[in-house]
Structures are given as C-alpha cells and as structure tokens.
Amino acid sequence: QVQLVESGGGLVQAGGSLRLSCAASGSILSIDRMGWYRQAPGEQRELVATITSDGSTNYDISVKGRFTISRDNAKNTVYLQMNSLKPEDTAVYYCNTNRVQVSGSVWKFGVWGQGTQVTVSS
C-alpha cells in the first residue's frame with residue numbers, strides 16, 4: 001500500500017518559518033501531482049499549494065509569496081517551506097497526491113497523509 005507521511009510541523013511565533021516534508025513509500029513507480037492542504041478547526045480543508053511531476057507550481061493567494069512547494073522525485077518526497085508565518089496559518093497540514101503509479105498501467109488515486117499540526121502564535 002502507498003503511504004504518505006508528513007513531518008516538520010510544530011509551534012512557532014508569527015513571522016517564523018517551518019519546513020514540512022512528506023515522504024511517499026510503498027510500491028511506487030511514479031507520482032503525478034502532489035500538494036499540500038490544510039484544515040483549521042471548524043473549517044473545511046483547503047488547498048495550499050500543488051506541484052506537478054515536472055515542477056509546475058500553484059499556490060493559494062493567501063500563501064503566495066510566503067510559501068514554496070518543491071519535490072524530489074528520486075526520494076518521492078514533497079516539501080513546503082513556510083516563511084513569514086501568520087496566526088491564520090494555524091491548521092493541520094495534509095500531504096496529497098492525485099495519483100500514484102503502483103505497477104504498469106495501474107494507478108492509485110487520491111492518497112492522503114495523516115497530517116501534521118502547525119500552530120502559529122502571536
């Protein structure tokens with residue numbers, strides 16, 4: 001089974017930085033688009049940033065200019081560098097891929113990590 005495991009969350013003060021990592025493991029031949037999503041208490045999950053297999057990125061307007069998404073295909077890992085953090089960035093951050101190639105023409109869709117807590121204090 002393909003698994004995504006996030007790490008790097010924690011408690012930081014406003015203006016600080018964190019770097020999140022998400023490593024995919026299992027029977028993986030390739031990974032399509034990867035992304036980071038977040039969910040604050042009482043709110044729905046929202047997109048933060050995505051990155052395609054060849055490196056094209058997309059950011060939510062709320063984080064553009066502050067966050068940077070990147071990936072290392074050799075390590076099946078996606079990162080989220082978060083700078084100039086604000087209290088409103090507080091949420092559980094989830095790693096996601098739209099699809100993973102597990103063998104031949106077989107793909108697994110919609111894989112999510114367990115989430116990592118990011119808390120930004122004033």
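The values are calculated or read from the model by the stated rules, or taken from the named source; none is laboratory data. Everything numeric here is computed off the predicted structure, so don't read it as measured data. Backbone-built Cβ (ideal geometry, glycine too); neighbour counts: all protein chains shown. These area figures cover heavy atoms from the full protein model, side chains too; ligands, DNA and RNA do not enter into them. Shrake-Rupley method; radii C 1.70, N 1.55, O 1.52, S 1.80 Å.
Here are some notes:
- Reported to the nearest whole Å, the Cα centre-to-centre distance from segment 63-122 to segment 1-33 is 5.
- Of the residues Ala40, Ala74, Ala23, the one that moves most in a GNM of the chain with alpha-carbon contacts below 10 Å is Ala74.
- Label reach from Val106 (point 7 Å along Cα→C-beta): in segment 15-45, amide nitrogens under 12 Å belong to 27-29.
- Each Lys and Arg Cβ is given +1 and each Asp and Glu Cβ -1; about its Cα centre, segment 48-115 then shows a dipole of about 100 debye.
- With every protein chain in place, the chain: carbon and sulfur % of accessible area (1.4 Å): 47 percent
- Summary value for segment 17-122: 32 percent relative contact order, contacts being C-alpha pairs under 8 angstrom separated by 6+ residues.
- Per residue, the accessible area of the chain comes to 51 Å² when a 1.4 Å probe rolls over the protein heavy atoms.
- Taking 7 Å steps out from each Cα toward its Cβ at Ser7 and Ala40 produces label points 2.9 nm apart.
- Amide proton proximity set for Trp107, modelled H, under 5 Å, gap of 5+: Val102
- Couplings for segment 76-92, taken from phi via the Karplus curve 6.51 cos²θ - 1.76 cosθ + 1.60 with θ = phi - 60°, read 6, 10, 10, 10, 9, 8, 10, 10, 6, 5, 10, x, 5, 7, 4, 4, 8 Hz in order; Gly and Pro are left as x.
- Restriction of the GluC sites (Glu not before Pro) in segment 1-96 to DSSP coil positions whose beta-carbon has at most 14 other beta-carbons within 10 angstrom yields Glu43.
- Under 18 Å from the Cα of Lys86 - lysines, other chains or at least 8 residues apart: Lys64
- Cα-only radius of gyration and Dmax that characterise the chain, units Å: 14.2, 50
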